[in-house]
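Worksheet: the structure to be examined is printed underneath.
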Amino acid sequence: MNVDDWLRTLTAELHQRRVAADAARHVVAEVATHLREGGGDPLVVFGPPQQYAGAVVESIGTAPGPRPGPVRLHAEGITKRYRRRPVLRDATLTVRAGQIAAVIGANGCGKSTFLRICAGLVSPDAGEVTVSGRLGYCPQSGGTADFLLADEHFVLVGAGQGVARGPARRAGRAAARQLGWEAGGDVQARHLSGGTRQKLNLTMSTLSRPDVLLLDEPYQGFDQGTYVNFWDQLCRLRDAGTAIVVVTHLLNQLDRVDTVLDLTPAQTTGWHAPGVRGGHS
Amino acid sequence: MNRLVTVAEMTLRELLRRRGVLLLLLLMPLTFYLIRRDAYLGQSVRSLLLGVGWAVSTAALFATTAARELEPRLRLAGYRPHHLYLGRMLGLWTVGVVISVPFFLLPMIDGADLRYGGLAAAMLCSVGVAAPFGMLIGALLPRELEGTLLLLTVVTVQMLIDPAGSGARLTPFWSSREIATWAVDHTDQGYLARGVLHGVVVTALLALSVAAVASVRLRRRRHLRHLSIG
């Protein structure tokens, strides 16, 4: 990891841990000066950026997070069986504006099904979902058109909201840039790498400025830098008041989220954040 | 209207970029025409029309299958089901008409003595029926292989069935065959009238079926309640 990468990761970490923007800028500027004047490998001098960010938070604290807003998504008593096999039992989740909820659990425990039910793409056997505002959904894979360019995807999604072509293209490119991707170009979606295609997928879901954003493991194929940018963008969206639900199996990200729904059968994580009532009985 | 046109445009763009598929689409009716060219001209023209119908149905099937994952998220992005299926149909009809032009000119260049207005009407019927027919199969069968095999079966039946028998009227491309008979054999107007009526009715029925399937698949689910904010 070179100095620039290390500093970028540190910046994202401080942002995600809600260190006040001015304080974070100050810390990064000081560290950058130190590294450039003193030289040396940042991993040796300061340790991993995540660890250093943790030390900074302990030392200077964090800015008070914005108070959670009104409820944007409320899923109550969601039950689903495939044939006779129960997949979800009485799963309940409430997410407010400005919150990130993580849906976790073992493979096949119904995480994607739960998200598709919340998006209204699959009907549950029991339960109901209330969504306030506009809904955005990013599937785990697929959801793009092989023979269309990125710009054409943006135009297609934009037209659904009545957005003209030019602004839709510009908005798509700007959102893609947040993930470290320059989307303009004449590359068809089928020729994009797996990770870049997922960036397109993710960009499409945020393009309509949703109030509730549902993300089904959208980071598959992301490299480390993009992964950091991804969480950075999620935090920005959260701070702007979006309610976000992200399916994940990466437990190391759970300290970044406000609410966790564990769908692992007959097991509890030991931590049920407010608004969560577990997935399986 | 803008949403409809955007979906139609993107369908066109996608199909035009599938160069291999386009080439095969053009090759198929040509082969159908040439293979019967030494025999009776009527058979040759009827095979050509069937080839156009098969080609456009196949394109419609592929376009529908490819859009299966994309459509639900477009629905969430603000599209209504009719924007999606009508837009796609519009794009496919446009592609069908474009690829029909060289095949309309082919018998002309070949020096065939035909009623060319009839040939144009038969081609329009063939394209008109083929787009919703392929889309319906694509909507009902999730995998391209099954859909292609079903299309192949229908076209084979269409080719082998006795056109004068009552069962032939149940086949989707009977209209173009009937109009082609009027155009090639200079038969009475009844052939043209029956053919046009059949083409219009079948196209309407297939389009309604596509609408019904799309409306069910992309419906708003009862468990989801939307509240507006601000």
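If I compute solvent accessible area with a 1.4 Å probe over the protein chains, what percent of it on chain A is carbon and sulfur? It would help to have the intermediate numbers written out before the result.
Details: 5960 of 12170 Å².
Of all accessible area on chain A, carbon and sulfur atoms account for 49 percent.
Would you be so kind as to identify all helices of chain B, as entire DSSP H runs, whose Cα atoms reach 27 Å or more along the helix's own axis and whose mean Kyte-Doolittle hydropathy is at least -0.5?
On the way: long enough: B:41-66 (37 Å, 1.11); B:81-109 (43 Å, 1.29); B:116-140 (36 Å, 1.69); B:189-217 (42 Å, 1.33).
Counting only whole DSSP H runs, the qualifying helices are B:41-66, B:81-109, B:116-140, B:189-217.
In region A:128-217, what GluC sites (Glu not before Pro) fall in a loop by DSSP, with at most 13 other Cβ atoms inside 10 Å?
Numbers: sites: A:128, A:152, A:182; in loops: A:182.
Counting only loop positions with at most 13 other Cβ atoms within 10 Å, the GluC sites (Glu not before Pro) in region A:128-217 are A:182.
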Cα-only Debye scattering, region B:58-113: base-10 log of I(q)/I(0) at q = 0.26, 0.29, 0.30 Å⁻¹: -1.01, -1.11, -1.14
Heavy-atom surface of region A:145-208, accessible at 1.4 Å and reported per residue (Å²): 37 Å²
Average projection area in nm² (convex hull over Cα atoms of the protein assembly as shown, one quarter of hull surface): 28.8 nm²
Inter-chain shielding of A:111-122 (mean C-beta neighbours from other protein chains, 10 Å cut-off): 3
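Return the equivalent ellipsoid semi-axes of region A:3-60 as a descending list in whole Å, where each equals the square root of 5 times an eigenvalue of the C-alpha gyration tensor.
Working: eigenvalues 62, 27, 19 Å².
Sorted largest first and rounded, they come to 18, 12, 10 Å.
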Mean-position separation - Cα centroids, region A:68-125 and region B:50-106, in angstrom: 34 Å
Fully extended contour minus Cα-Cα distance, from residue B:208 to residue B:30, at 0.36 nm per residue: 61.0 nm
Cβ-based charge dipole, region A:46-125, positive-most Cα from A:68, A:100, A:78: A:78
Within the protein assembly as shown, helix-based [θ] at 222 nm, where runs of 4 or more DSSP H residues each add -39,500 (n - 2.57), nearest 500: -19000 deg cm²/dmol
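Give me the accessible area per residue for region B:120-163, probe 1.4 Å, as a whole number in Å².
On the way: 1920 Å² over 44 residues.
Heavy-atom SASA per residue in region B:120-163 reads 44 Å².
Please report the relative contact order for region A:145-208, taking Cα pairs under 8 Å with a sequence separation of at least 6, and give it as a percent rounded to a whole number.
Values: 75 pairs, mean separation 28.4, N = 64.
Once divided by the residue count of region A:145-208, the mean separation gives 44 percent.
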Kirkwood hydrodynamic radius of chain A, Cα pairs, Å: 20.0 Å
Kyte-Doolittle at least -1.0, axis length at least 24 Å by Cα - qualifying DSSP helices, chain A: A:21-38
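The values are calculated or read from the model by the stated rules, or taken from the named source; none is laboratory data. From a predicted model like this one, the values you see are computed outputs, not experimental measurements. Cβ coordinates were reconstructed from backbone atoms using ideal geometry, including for glycine residues, and neighbour counts include every protein chain displayed. Ligands, DNA and RNA are stripped out before the accessible areas are found, and what is left, the full protein with its side chains, is counted by its heavy atoms. Shrake-Rupley method; radii C 1.70, N 1.55, O 1.52, S 1.80 Å.
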